[in-house]
Amino acid sequence: MAFVSLKAWRARSAERAEIAARLKRELAQALGLGGADALAVNEIACADPGCPDMETIVLVMRADEPTRGLRVRKPLDAVGAEEIAALVAEDRLSAPSR
């Protein structure tokens, strides 16, 4: 097991938090979320066969609707415009009629 300094761990954590915040802003705008809606973006370990080591999970929480979980089988820093467009399309398909 490799030694990771506290300083390096904090720098990596800050970088991941910045990437998550950017992605959250972009997704909130692309999904058309309002002030009463919420969005969570997290990177988790994926143990499924054929899945990368890390994947990104997005929870879309619109007021008066059930929470929807969306998955990108890529790490947080690999999520780009193409993946955001796919998430928006998936959200629209799974949304109750508005």
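The values are calculated or read from the model by the stated rules, or taken from the named source; none is laboratory data. Computed from a predicted structure; not experimentally measured. Quick reminder, even Gly has a Cβ in these numbers, built from the backbone with ideal geometry, and neighbours come from all protein chains shown. Surface accessibility is based on the protein's heavy atoms, side chains included, excluding ligands, DNA and RNA. Shrake-Rupley method; radii C 1.70, N 1.55, O 1.52, S 1.80 Å.
Table for the structure above
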item	result
Matching option when the condition is open to solvent by less than 60 Å² (accessible area, probe 1.4 Å), in contact with a Lys or Arg (Cβ under 6 Å, 6 or more places away or on another chain) and of a type outside the set (Asp, Glu), among 60, 79, 72	60
Matching option when the condition is over 19 Å from residue 17 (Cα atoms), in contact (Cβ under 8 Å) with a residue 40 or more places away in the chain and not aliphatic (A, V, I, L, M), among 48, 37, 91	91
Pairs, first at positive phi in the range 12-32, second of a type outside the set (Asp, Glu) and open to solvent by less than 30 Å² (accessible area, probe 1.4 Å), C-beta under 7 Å, six or more apart	none
Tabulated pairs, the range 56-82, first over 23 Å from residue 12 (Cα atoms) and among the acidic types (Asp, Glu), second open to solvent by 20 Å² or more (accessible area, probe 1.4 Å) and part of a strand (DSSP E or B), C-beta under 7 angstrom, 6+ apart or interchain	none
Scope the range 43-68; condition touching a Cys at 6+ places or on another chain (Cβ under 9 Å) and at pLDDT below 85; matching residues	52
Flag for residue 16 being open to solvent by 60 Å² or more (accessible area, probe 1.4 Å) and either within 16 Å of the chain's Cα centre (by Cα) or polar (S, T, N, Q) (or both)	no
